[in-house]
1. Kindly provide the set of residues from region 265-312 that are among the hydroxyl-bearing types (Ser, Thr, Tyr) and in a loop (DSSP other than H, G, I, E, B), ordered by number.
2. Kindly list the number of the only condition in (1) buried (at least 22 other Cβ atoms within 10 Å of the Cβ); (2) within 30 Å of His329 (Cβ to Cβ) that fails for Asp270.
3. Among the listed residues Lys292, Lys362, which satisfies the condition of being surrounded by fewer than 17 Cβ atoms within 10 Å (Cβ to Cβ) and under 30 Å from Pro213 (Cβ atoms)?
4. Quick check on this structure: which one of Ser384, Ser333 is closer than 27 Å to Tyr310 by Cα, more than 31 Å from the chain's Cα centre (by Cα) and either modelled with pLDDT of 95 or more or basic (Lys, Arg) (or both)?
5. Of the residues that make up region 391-398, is at least one in the same structural domain as Tyr443 (by TED's automatic domain parsing), closer than 23 Å to Ile450 by Cα, at pLDDT 95 or above and in contact with a Pro (Cβ under 8 Å, 6 or more places away or on another chain)?
6. Does Glu392 count as surrounded by 14 or more Cβ atoms within 10 Å (Cβ to Cβ) and touching a residue at least 24 places away in the same chain (Cβ under 8 Å)?
7. Which one of these is hydrophobic (A, V, I, L, M, F, W, C), buried (at least 17 other Cβ atoms within 10 Å of the Cβ) and in contact with a Pro (Cβ under 8 Å, 6 or more places away or on another chain): Leu381, Leu430?
8. Assess whether Ala373 counts as being in the same structural domain as Leu412 (by TED's automatic domain parsing), buried (at least 20 other Cβ atoms within 10 Å of the Cβ) and not polar (S, T, N, Q).
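The values are calculated or read from the model by the stated rules, or taken from the named source; none is laboratory data. None of these values were measured; they are calculated from a predicted model. Every residue, glycine among them, receives a Cβ derived from its backbone with ideal geometry; neighbour counts consider all protein chains shown.
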Amino acid sequence: MSKPKRNTKKAAQGKARPVAAKSKKAVASKTKAKPAPAKKTLTKKKPVPAKKPVLKKSASKPAPKKVVKKAPPPKPAVKKPTAKAPPPKTKTVASKPAPKPAPKPVAKAAKPQAPAPSKPAAAAKAPAAPVAVKAAPAPAPAKPAPAKKAPAPAVEVAAPAVEAPVVAAAPVVAVVKKAPAQPLPPPGPTKTGALFYDSHMHTPLCKHAWGEPEEYAQQAVKAGLKGIIFTCHCPMPNGFWPTVRMSESEFDTYLAIVQRAADAFKGKLDIRLGIESEYYPGCEEYIAALHKRADFHYVLGAVHWQAKEYLNKFETGTIENFRRTYFEHLAKSAESGLYDCLAHPDLVKNYHPDSWCFAIVKNTVSGALDRIAATGVAMELNTSGLNKSYSEMNPGNEMLRMMADRKIPIVLGSDSHRAVRVGEHFVTALNHLTEAGYENVSYFLNRQRIDLPISEVLASLKKAADHNA
């Protein structure tokens, strides 16, 4: 019985030994497995690369922060559309300093520095700057600073500068400043008895008038006038009805030929610069800028229904509705504040003249005249209406009475497109004014209205004409 007990002990001992061996192996394997993660943790703990990005971030962060802080000031200085343009550039520089795209914006920034010969050299150093920022962060901010200054002028906003092509008018204004140097004539009649002005006439530049300004001036002297005001058709944008007006390139020529005539007739006839300025909805800004390009003595507003552009846009519905639209625009032209006087105010009666009936549009005209009277703008009695398809002065006598009832100032104009017509039918026109209830008639100098008694103007025309005959 003792033998099996020994065997069991030996077996136990024999079995114990391999178990111990296995445990050692397991321990060994476990110990061997442990150093592996330790190495991993060591690699993970090695923040050597992490420190580098930290340096990069610390080096790069100050630059973008400063860029962003300095970027907002130019935004208020520049218009919103222009201010939005520079920020994306600064963002790209801040977000991608390391991946080498950074030098590209630097190169772009260097372009605005091109005008200065010394700055291109600094711009060449700029691409190397982001790399050197690690060692020397101080110089780095100094270099982006000039880059910021460059975009600000780069925001040059050449476009807004172009928005004011009127600036090109500066030389024009310089030319016209000679006109104010010419003193205004003394009040009252001249030695010949001349007292009044014809305030509407044209030059060959409008492409449908004949004769030089000097020829118009010569006729004005014969007609017993003290002065004349040239009011040729103004240039218009976008090729608006170009066949009946001067072009932009002829504007300076217009100023020059009027001044030439003024110099030639100095002491004989007072010649002044005016303009017949189109009213067309949507062109108000252009017209306002045009009026600042010269020292006009008189700005005559006109709604021309004959323009193809006008007909295409407003000739809808019935003939009467089209005429009502015309009178609506006449009132709007006065309310725009752009004009001293409104030319040939019932010109639309020449649109299908056979069907013209003032009674049909009288209520519309009445409302328009109420609005015009409220502005203080004058209206014209245009004698050339006698030569049009509906042979009657503009306006006709019934409308003229309605204007007199509202005390709307009145100016006389022959609308001459030929020299022989200067001062034509003025005596008849003055008589119509008296019959309508007017006592005074007006003209403008330096865009200021001058009123004269009709009786005195009638007497002056006869006296001066007889003197010059």
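1. Within region 265-312, Tyr279, Tyr280 qualify.
2. (2)
3. Working: Lys362 fails: under 30 Å from Pro213 (Cβ atoms).
The unique qualifying residue is Lys292.
4. Answer to the check: Ser384.
5. Yes, there is a match, as at least one residue in region 391-398 is in the same structural domain as Tyr443 (by TED's automatic domain parsing), closer than 23 Å to Ile450 by Cα, at pLDDT 95 or above and in contact with a Pro (Cβ under 8 Å, 6 or more places away or on another chain).
6. yes
7. Being hydrophobic (A, V, I, L, M, F, W, C), buried (at least 17 other Cβ atoms within 10 Å of the Cβ) and in contact with a Pro (Cβ under 8 Å, 6 or more places away or on another chain) holds for just one of Leu381, Leu430, which is Leu381.
8. no
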